[in-house]
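Chemist: Next up is a structure, given as structure tokens.
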Amino acid sequence: MGKIVEIKQGKLEGVIGTYADVFKGVPYARPPVGDLRFHAPEPPEAWEGVYQADTFSAVCLQLGRKEGSFYQKEFYRDPAFMPAQSEDCLYLNIWAPKEGEGSFPVAIWFHGGGFMNGFGSEMEFDGEAYAKRGVILVTVNYRLGLLGYFAHPELTARDGHSGNYGMLDQIASVDWVRENISAFGGDPERITIFGQSAGGMSVRALVSSPLMKGKIKGAILQSCGGYKSPLPVGGSGEKLEKAAVKFLKKNKMTLDDFCRLPMQEITPMTRKFLGTALLYTRQMLSLTPVVDGYALTKSCDEVQEQGETLEISYMIGCTRNDIRVGKSGVKNVAKNKLYTSSQAWGELQERQGNPNYMYYFSRQLPGDDSGAFHSAELWYMFGTLERCWRPLTEADKALSEEMLDAWAAFIKTGNPGWERYTKGNPYVKEFDVKGLGV
């Protein structure tokens, strides 16, 4: 029998882990189905009895990974970690330390996947190593693709804004955590958000949003860049709306038709929509957070230029062979645009007076020639090396421990254990196995 806690909606029973009481598949919003499709998330309904939080939930409808592709082999090869897909997907997972008196700091993780794929219970994610270090980990599923980021002028006329539903889901998850995490021993005033790739882009959008003021104490941005990133966030909502109008007209559909489209037709429709969206937005990642006048009132770069990101502590970094760098890596980090845009982010945060720390993951992973590829650090900073197919070493285990200690320290104190990045002292902490036995 797992631990039972009582939250606003009712009682939850979790499962017993090694270092954590684990609560899987906890609803943080009403299912965004039927008339709630293309609406901001609404608070979850209460329940009678005890909710069994013992199974990871279904995940948002998504494009998926081709069998045998690089990332399918890396992270999505084990059927045990591949849940069903559904439009009913707004659930989160909690790992709360079994030991200690509570008032634990909280870390909320937003997964990557290009805003088209991914989920909070992927095989590389786990909260046991954080629970061991006295940190509560929360991982979140949010709406993806058309369900998460479809914008249309008629929706804007109805609500005053449209699109950004996935971003609003993320904000709703933060609000849920603030309201309920004390029942798990967490401190709602010590929340850090973090994410990698599209999850990091989400974090960049969230710390640029007026809806997030006063809600968090820290943020970690992984492999997403910072200022003038090659992975931009906060494009034109109007352009996305125009793409939607063109697309529906081309397919002889009304908005009402689209809102009532059967669930099984959403993913094929998403594939069809991407080409039209690219023509209008000129961004490879077209279905992303946009300026809607509500969740985002300016692009993230404009927010940074004007010194208006949240006044909190930041950590930012990337990998050596990160996106758009290639397998050979770069000897000159100036050619790694995620690296240089992270440096630019650090200088702007210094100007605003926000503590900022930068890292660089350079471990060349064994098993193939992909090196420190985009997402390589996830095995290490979640402590899940034993799930990885690669021939990892004792030095890799030591590196994982070092990274977990740093991430946990930042979540607890706002300082990962090295010097701040400033223009006068551009310190970057490198993570590699050098000196660790290799």
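Chemist: Under a crude label model (7 Å from the Cα following the beta-carbon direction), how far is residue 1 from residue 430 in nanometres?
Modeler: In this crude label model, residue 1 to residue 430 measures out at 5.5 nm.
Chemist: At a probe size of 1.4 Å, how large is the accessible area of residue 274, to the nearest 10 Å²?
Modeler: Its accessible surface works out to 50 Å², give or take rounding.
Chemist: Under a 10 Å cutoff between Cα atoms, tell me which one of 384, 276, 393 has the largest fluctuation in the Gaussian network model of the chain.
Modeler: 393
Chemist: Sorted by accessible area (1.4 Å probe), largest first, how do 265, 74 line up?
Modeler: The most accessible residue leads, giving 265, 74.
Chemist: Here's a follow-up. For the chain, what is the calculated [θ] at 222 nm in deg cm²/dmol (nearest 500), taking -39500 (n - 2.57) for each run of four or more DSSP H residues and dividing by its residue count? Walk me through the numbers on the way to the answer.
Modeler: Numbers: 13 runs with 129 residues, N = 438.
Calculated mean residue ellipticity at 222 nm is -8500 deg cm²/dmol.
Chemist: Just one of (i) 20.7, 63; (ii) 21.4, 67; (iii) 25.9, 79 is Rg and Dmax of the Cα atoms in Å as worked out from the coordinates here. Which one is it?
Modeler: Computed from these coordinates, Rg and Dmax of the Cα atoms in Å corresponds to label (i).
Chemist: Right, here's the next one. Can you tell me how much longer the chain between residue 415 and residue 252 gets when fully stretched, taken as 0.36 nm per residue apart minus their C-alpha distance, in nm with one decimal?
Modeler: Between residue 415 and residue 252, full extension yields an extra 53.2 nm.
Chemist: I've got another one for you. Within 9 Å, Cβ to Cβ, of residue 223, how many net charges do the neighbouring residues add up to if Lys/Arg are +1 and Asp/Glu are -1? Mind dumping the intermediate values first?
Modeler: Numbers: positive: none; negative: 322, 377.
That works out to -2.
Chemist: Ignoring any ligand, DNA or RNA, what whole percent of the accessible area of the stretch 77-178 comes from carbon and sulfur when the probe is 1.4 angstrom? If you can, show how the numbers build up before the last one.
Modeler: Values: 1250 of 2550 Å².
Its accessible area is 49 percent carbon and sulfur atoms.
Chemist: Kirkwood Rh over alpha-carbon pairs of the stretch 12-158, then Stokes-Einstein at 37 °C and 0.692 mPa s: what D in µm² s⁻¹, rounded to an integer?
Modeler: Working: Rh = 16.6 Å.
In µm²/s, the coefficient is 198.
Chemist: What's the FRET efficiency of residue 272 with residue 245 using the Cβ-Cβ distance as r and R₀ = 22 Å, to the nearest 0.05? List each step's numbers first, then the result.
Modeler: Numbers: r = 15 Å, r/R0 = 0.68.
Plugging the Cβ-Cβ distance into 1/(1 + (r/R0)^6) gives 0.90.
Chemist: Let me ask you something else. What are the semi-axes of the equivalent ellipsoid for the stretch 216-268, taken as the square roots of 5 times the Cα gyration tensor eigenvalues, largest first, in whole Å? Intermediate values should be presented prior to the final figure.
Modeler: On the way: eigenvalues 217, 50, 23 Å².
For the stretch 216-268, the ellipsoid semi-axes come out as 33, 16, 11 Å.
Chemist: Could you list, in their original order, any pairs among 397/434; 132/429; 73/429; 24/98; 217/337 whose Cα atoms are separated by more than 18 Å?
Modeler: In this structure, 132/429; 73/429; 217/337 lie more than 18 Å apart at Cα.
Chemist: Accessible area of residue 158, 1.4 Å probe, to the nearest 10 Å²?
Modeler: Residue 158 exposes around 110 Å² with every protein chain in place.
Chemist: Now, a different point. Can you pull the accessible area of residue 18 for me, 1.4 Å probe, Å² to the nearest 10?
Modeler: Using a 1.4 Å probe on the heavy atoms, I get roughly 100 Å².
Chemist: On to the next question. What is the calculated FRET efficiency for residue 36 to residue 351, with r their C-beta to C-beta distance and R₀ = 45 Å, to the nearest 0.05?
Modeler: 0.60
Chemist: Put a dot 7 Å past each Cα toward the Cβ at residue 159 and residue 67; how far apart are the dots in nm?
Modeler: With each label point 7 Å from Cα toward Cβ, the separation is 3.7 nm.
Chemist: Return the FRET efficiency for the residue pair residue 99, residue 228: r is the Cβ-Cβ distance, R0 is 56 Å, and the value is rounded to the nearest 0.05.
Modeler: Approximately 0.80, to the nearest 0.05.
Chemist: Based on the mean of other Cβ atoms within 10 Å per residue, sort peptides 349-355, 377-383 so the most packed one is first.
Modeler: Per-residue Cβ counts within 10 Å, averaged per peptide and sorted highest first, yield 377-383, 349-355.
Chemist: Express in % the proportion of alpha carbon pairs of the stretch 140-229 at distances exceeding 23 Å.
Modeler: Details: 1162 of 4005 pairs.
Of all Cα-Cα distances in the stretch 140-229, 29 percent exceed 23 Å.
Chemist: Out of 27, 97, 268, any idea which swings most in a Gaussian network model of the chain, alpha carbons joined below 10 Å?
Modeler: Comparing 27, 97, 268 in the GNM, the peak value goes to 268.
Chemist: With both bridge residues required to lie in the chain, what share of the DSSP beta bridges run antiparallel, to the nearest 5%? Write down the numbers at each step before the final one.
Modeler: Values: 17 of 57 bridges.
Here the antiparallel bridges make up roughly 30 percent for the chain.
Chemist: How far is the Cα center of the stretch 193-234 from the Cα center of the stretch 87-112, in Å?
Modeler: Measuring centre to centre over Cα atoms gives 18 Å.
Chemist: List the residue ranges in the chain for DSSP H helices whose C-alpha atoms run 24 angstrom or more along the long axis and whose Kyte-Doolittle average is -1.0 or above.
Modeler: Details: long enough: 394-413 (28 Å, -0.10).
Answer set is 394-413.
Chemist: Let me ask you something else. Provide the packing ranking of 252-264, 136-148, i.e. peptides ordered by the mean count of other C-beta atoms within 10 Å per residue, highest first.
Modeler: Peptide ranking by packing, descending: 136-148, 252-264.
Chemist: If you don't mind, another one. Please state the charge dipole magnitude for the chain, taken about the Cα centre, from unit charges on C-beta atoms (+1 on K and R, -1 on D and E), reported in debye and rounded to the nearest 20.
Modeler: Roughly 1420 debye for the chain.
The values are calculated or read from the model by the stated rules, or taken from the named source; none is laboratory data. It should be emphasised that the depicted structure is a prediction, and the values quoted were computed from it without experimental measurement. Cβ: placed from backbone, ideal geometry, glycine included. Neighbour counts: every protein chain shown. For accessibility, only protein heavy atoms count, side chains too; no ligands or nucleic acids. Shrake-Rupley method; radii C 1.70, N 1.55, O 1.52, S 1.80 Å.
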